[in-house]
Every structure is written in structure tokens, then in C-alpha cells.
Amino acid sequence: MKKVFALILCLVMMLSIVPLAQAEDEPIKLSVLMVRHTEGENEASDLWIFKYLQHWLAQQGHNVEFELEQTYDQEERIALMLATGSIPDILWAVGLGNNNVVIYGAGEKMLLDWTPYLNKETMPNLMAQFELQPDAYAASICNDGAIYGLPYLTERNYPTATATAPNAMRLWINQEWLDQVNMEVPTTMDGFMDMLRAFKANIKIEGKEVYPAMENAGFLRKYILSNLGFYGTTTYDGITPMVKNKEIVVPAYTEEYKAYLTYLHTMYEEGLISPDFFTLDSTTVKGYIADGVCGVIGDWTLSMKEGFEKWVHVKPAATEYCENPVATVGPTYQANRMFVSAETEHPEIIAKMFDYLYSPEGSMYYYYGPMKDSDPLGLLPGWYFDENGQMTAGNDEPYTAYCKKYIYPQQYAGYCAHLALPEAHRLANVPREIRNFKVTDAVTGMVFDAPEAMVYTHDDVGGHWRLTVTEAYMNNATTVYLPAVYMTEEDALTAGDLKTVLAKHIESESAKFVVGTRSLDEFDQFTAELEAMGVEEFQDIYVEAYSAYMNSIFGK
């Protein structure tokens, strides 16, 4: 009887062990909400990086399975997510905004605080980068001392779009048109206006209407604001606080804004810009540019494959308000790109994975994928360097576009962009020509190193547009860039409410001033209207929020 009982007990114990063994083999499921580039119309499950990260985690002893969801409309998805309190384990490059970080991180405690994991034992790669870029670390700290989001990191490269070439300046002039009117690139706003008038009077294209100036993304308006002495951001909406004379101001609530509106009104009245200036969509603008009827064009890049050589970049143009205009370069980081739910059951595994992405190998795999014939998963042909030293997968598609479709969901995510290309060159044993430039900040006077990300020339459109921007603004660029700020929940809600009302009024009335349905003689009345709507309270909130940053720059 004892033997039978012992046998039964043994069987019971063995049976009790089986489910445990099976449970240990079951994958850890991590839900991921990601923002996709618009170029990526395929399914999130097609992306190589998540398959590779599952492989990498398995090598670390973690059986992980990602449950992937992608969105192209993050504002709507974020609103739904926060309203329902249903946050996935990982928010991948989902831009919550600092106000939401304060409310749902510091306030509601719905987001994981990273500070227990930010040490050299748990996340050594990220900590090494924070030591090199303390401003990125400082920008990640919420007003309660916690860190809820991890950053995208790069370096101040020369002359890329996010570096010493100011990313608020993208305005080119047709050199052939300049030659025809016997003029040079203007260095004053009065000269710029005279140039547009000369184009209007002298450039004739049979059967077509000539538009001296045409813009996408507000680049003409950004240029005018810069020449009036505003910098610190890359916006032109009149409500976003900027730096002027070392002070935080709301542009629309300054006398310079009247001058800004006057320039635009003159352009509109004299036919120097399209009569549909405020309603033109991007596709229509690009059509006019492609049609060759514009003498000044503003866009993110020069998009033409032929004839790009004739386009030269504008220069800083002095006004009575500013003798030496400057433009802000992009920062070397984007804070709050990667978030994790405070309810996740596996923060240590996620921390290990994210830290890997801040390593040279992890950054390279994220941004470029595997090298040719080296995919550990056997899924992709991989990249290689062609005879011109350009990275390619051997097809006609630019490799960066290929990556957005098949490698990763979003470029500005939690990794080190500046480590990716050097690691690829090292792995492929292909030497890189690296030059380092000493650049002097036009505002602070500080001198910093500006190593090249890659070598550009004027021989192709990609190099030409970058070089023209940099050459025009090399001595008029500043790294003073107003970071996103963390306010108290009360201030954030107040500023948000005020901005909604003020922005709408500024937008509508500015358009009226420009097209002439409201006289510029009423500008003082306009500023009084802004006062009644609370513009001074709105400005004061940002003056206080930026006080520490402004003190660090200007010693105030």
C-alpha cells in the first residue's frame, strides 16, 4: 500500500511539474504601438527589426513575442489610448508631447519611470551617450525628477539637415533669373523685395503665369521672421514662443510682427506671391516648381533631378530690426521618443532591449538592417556600398526609402543615428573620409566640433541642396533651440487652452492683413485683441518655463 501511495504521489508531483515546464517555454508577449513613416504602407509584421530583436532577445535567454500595432494618425490614436487608459507595453516613437508626459507620467503614473534602470549596469550604452550629450539627458527629466521617455540621439554633423545647416532655412533662388535681371543674391530684405519685383517685371514665360516666390512648409515666412530677429524654433505660426533680443516672446505680440505682415502684404498686393498663397497645397506648389515658373522656391529639399545646379540659397537679409539675422539649427536629440507602460510586467527585458539599440551594432541594425549575405534570419539580401561609396540594396529605390518600408517603423526612435553609418563602414571594411569643422555659434560665440556624417558634393541634388544651405548660413547659425518644456499640470492646461484661442485668432487675422481685407492700420487693435484673449499670461508661462534654459544661455 505504501508503494502504491508513493507511486501515486510521484505521479502527482510529475504532473504538477509539467505545466510549469510548459509555462517557462511560453513566450513573453509584449504589445507595441508604433508610428509608421508614410512611405511604409506594408504591415508592421513585415518589418525586419522586430523579427531581429526577437532573435537577439532569444540569444539573451528571453523568449519574447511582439504584438505589433501601427498607426499613421498618432494624434487620434494617442487621444483614444489616454482617454481609455489602455497603454500597450511599449510606445515606439509615439510623440506624446511634454504636457501629456506631465499629466500621464508625473500625474497619473501610467508611464514607466526609467530612472531605476538608468545606470551603467542595466543600460550602459545609453548612459555612455548621456555622458556625451548631457543636454539630451537634461531634456528627458520631467518636472518631478523622473524620466518617462527615452530619446533619439544624433550628433551635430556637417552639413546635414539636422545640423549646422539651419533646418528653418530652405529657400533657393534661380541663378539664371538673377543673371537675366543683372542682380546678385540680396543681403537685405529691401534687396530681396527688389529682386522679386525684378523677376515679376522681366521674366516672361510664354503661356504661363510667373510667380516670383513660391513656398512649401512656410519656408518663405520662416525666412522673413528670421530676418526680423526671431530664432529658437523652426515655426512661423506667430503663437509659438521664440527668442528675440535674448528674450522669450510671442512673435505676433511684437512690433516686428507688423513688419512681417507688411512684407507679406506687399508681396501679395504686387503679385510677387500667388493669390492663392494661403490655400495652396503641397502637390500644387511642387507642380509650379516643376513647371519652372518660380524664381524663389521654399521646400524641404530640391526635388528636381535635372537643373538643380542653377539654384542658389538665400543669404541672411538685414532689416531695420536686425542687422545680422541668425537661424536655429536642429538639436542633437529628440526627447521622449520611447515610452513603456507602468503596468508592464517585464521592464528589465525591455530596458535590456532598448539599451542594445543605443549600441553601435544595435543602432546600425535598426537604421540599416543587415549587411549583404549576413542576415542572421536569412530574410533580407542586405546592404552593401557601391562603387560610389553609397549604401544600396541593389535596387533602384533609395536605400533610406527601402529601410522605412522594410527595416524599421520610424526614423526618430530610441537609438543613436550617428553610430549607425560608422559601424556599417567598420563592418564592411570600407574606409570613410571624415573631416571635422570648427563652427562658431553666431549667438553664444561658443566653438564646437562639427564632424561630417558623410561627404557631400555639388555633383548631385542631395549634396547640392545641403551644401548651399550650409554655405549660406555657416556664419549665421546658432544652436540656441528652445526645447520642449515640462510645466505643472495647471500651467500646461492653461497654456493649452490659451494657445487654442490665440492661435486661431492669429492665423485668421494674419491672413486678413496679408490679403488686405483688414488694414494694417489696425495692428494696434489686433494686439489689444490678443491682450484681451490672454496673450500676456500665455507668454509669461513660457518665460517662466524657459527661465532656467535662458539663464544657461544668456546668464539671466
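The values are calculated or read from the model by the stated rules, or taken from the named source; none is laboratory data. In this text, all values refer to a predicted model and were calculated from it rather than measured experimentally. Every residue, glycine among them, receives a Cβ derived from its backbone with ideal geometry; neighbour counts consider all protein chains shown. Only protein heavy atoms, including side chains, enter the accessible area calculation; ligands, DNA and RNA are left aside. Shrake-Rupley method; radii C 1.70, N 1.55, O 1.52, S 1.80 Å.
Is there any pair linking a residue in region 372-383 that is under 14 Å from LEU47 (Cα atoms) to one that is open to solvent by less than 50 Å² (accessible area, probe 1.4 Å) and assigned to a strand (DSSP E or B), with Cβ under 8 Å and at least six apart or on different chains, and which?
GLY382/MET371
Within region 344-352, does at least one residue satisfy the condition of being within 30 Å of ALA259 (Cβ to Cβ) and at pLDDT 95 or above?
No, the conditions are met nowhere in region 344-352.
Mind listing just one residue for me: the one in region 497-556 that is of a type in the set (Phe, Trp, Tyr) and in contact with a strand residue (DSSP E or B) (Cβ under 6 Å, 6 or more places away or on another chain) and, of those, modelled with the lowest pLDDT?
Here the residue is TYR546.
In the list ILE49, ILE87, ILE78, which residue meets the criterion of being within 26 Å of the chain's Cα centre (by Cα), assigned to a loop (DSSP other than H, G, I, E, B), surrounded by 12 or more Cβ atoms within 10 Å (Cβ to Cβ) and among the hydrophobic types (A, V, I, L, M, F, W, C)?
ILE87
Pick out the one residue from ALA58, ALA106 that is assigned to a helix (DSSP H, G or I) and open to solvent by 40 Å² or more (accessible area, probe 1.4 Å). Walk me through it before giving the result.
Numbers: ALA106 fails: open to solvent by 40 Å² or more (accessible area, probe 1.4 Å).
Just one listed residue meets the conditions, ALA58.
Applying the selection to region 456-474, what residues are β-branched (Val, Ile, Thr) and part of a loop (DSSP other than H, G, I, E, B)?
Listed by number, the list holds a single entry, THR457.
Restricting attention to region 463-502, report how many residues are of a type in the set (A, V, I, L, M), under 19 Å from GLU531 (Cβ atoms) and open to solvent by 30 Å² or more (accessible area, probe 1.4 Å).
Number satisfying all stated conditions: 1.
Which pairs have Cβ atoms under 8 Å, sit 6 or more apart or on different chains, and link a residue in region 36-51 that is under 18 Å from GLU397 (Cβ atoms) and free of Cβ contacts under 8 Å to residues at least 60 places away in the same chain to one that is part of a loop (DSSP other than H, G, I, E, B) and open to solvent by 70 Å² or more (accessible area, probe 1.4 Å)?
THR38/TYR72
Do you know which residues across region 61-75 are closer than 21 Å to PHE339 by Cβ and either open to solvent by 60 Å² or more (accessible area, probe 1.4 Å) or in a strand (DSSP E or B) (or both)?
VAL64, GLU65, PHE66, GLU67, LEU68, GLU69, GLN70, THR71, TYR72, ASP73, GLU75 - these are the residues of region 61-75 that are closer than 21 Å to PHE339 by Cβ and either open to solvent by 60 Å² or more (accessible area, probe 1.4 Å) or in a strand (DSSP E or B) (or both).
Restricting to region 314-344, count the residues that are within 25 Å of the chain's Cα centre (by Cα), open to solvent by less than 10 Å² (accessible area, probe 1.4 Å) and not polar (S, T, N, Q).
8
Can you tell me which residues in region 213-232 are open to solvent by 20 Å² or more (accessible area, probe 1.4 Å) and modelled with pLDDT under 95?
Scanning region 213-232 gives a single hit, ALA217.
Six or more apart or on different chains, Cβ atoms under 6 Å: show the pairs whose first residue is in region 192-204 and outside any helix (DSSP H, G or I) and whose second is open to solvent by less than 70 Å² (accessible area, probe 1.4 Å).
Cβ pairs passing all conditions: ILE203/TRP177; ILE203/VAL210.
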